[in-house]
Amino acid sequence: MIRVKERGLMIKTAPKTRAGFRTLVLPSWAVEMLRLRPPGRPDQTVFCSALGGLRDRDNALGDLRNALNAAGFEWVTSHTFRRTVATLMDQSGLTARAAADQLGHSHPSLTQDVYYGRRIAKTGAADVLEVFG
């Protein structure tokens with residue numbers, strides 16, 4: 001979604017990188033939630049305006065911020081959700097490539113450097129070094 005001067009909101013025809021062209025497999029609860037939405041046009045976005053049109057990113061982020069604040073989650077940002085997905089995939093033993101594909105990163109190293117959790121107490125090093133004891 002982009003705002004073009006003197007034309008308004010438009011859907012971008014292509015993502016920033018080839019990795020942006022992807023099909024996401026969603027958890028069953030998310031699929032069910034989307035199915036419960038009123039039927040719309042095939043090209044309708046998931047997060048549309050009240051009238052069913054395109055929704056400005058800044059307005060959506062403002063509404064999300066208000067909802068999170070009201071729920072007592074002032075520390076949560078929209079990026080917290082992406083970071084949580086990457087961390088859960090990492091903790092589940094999925095590869096950095098799988099997480100990068102889910103998040104739309106061309107390179108798994110970006111996912112590892114930016115999104116994977118740090119300060120993990122159980123790294124596995126003690127088990128590996130146990131043979132020297």
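Quick look at the values:
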item	result
[x] 1.06; [y] 0.98; [z] 0.94, with the label sought being that of the calculated Rg/Rh (Cα atoms, Kirkwood Rh)	[x]
Neighbour cut-off at most 16 other Cβ (10 Å), DSSP loop, trypsin sites (Lys or Arg not before Pro), the range 67-119	ARG118, ARG119
Helix-derived mean residue ellipticity, 222 nm - over the chain, DSSP H n ≥ 4, -39500 (n - 2.57), to 500	-10500 deg cm²/dmol
Heavy-atom accessible area per residue - the chain, 1.4 Å, Å²	81 Å²
Span from the the range 1-39 Cα centroid across to the the range 58-133 one, whole angstrom	21 Å
Dimensionless Rg over Rh [the range 72-133; C-alpha; Kirkwood]	1.10
For the range 83-95, 3J(HN,Hα) per residue [Karplus equation, 6.51 cos²θ - 1.76 cosθ + 1.60, θ = phi - 60°, Hz, x = Gly/Pro]	5, 5, 4, 4, 5, 5, 5, 4, 5, 7, x, 6, 6
Surface share of carbon and sulfur [accessible, 1.4 angstrom probe, percent] for the range 58-106	59 percent
Inter-label distance for ASP58 and ARG37, nm, one decimal - labels placed 7 Å from Cα along Cα-to-Cβ	2.4 nm
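The values are calculated or read from the model by the stated rules, or taken from the named source; none is laboratory data. Quantities reported herein were computed from a predicted structural model and do not represent experimental measurements. Because the Cβ atoms are built from the backbone with ideal geometry, glycine has one as well, and the counts that use them run over all protein chains shown. SASA here: full protein model, heavy atoms, side chains in, ligands and nucleic acids out. Shrake-Rupley method; radii C 1.70, N 1.55, O 1.52, S 1.80 Å.
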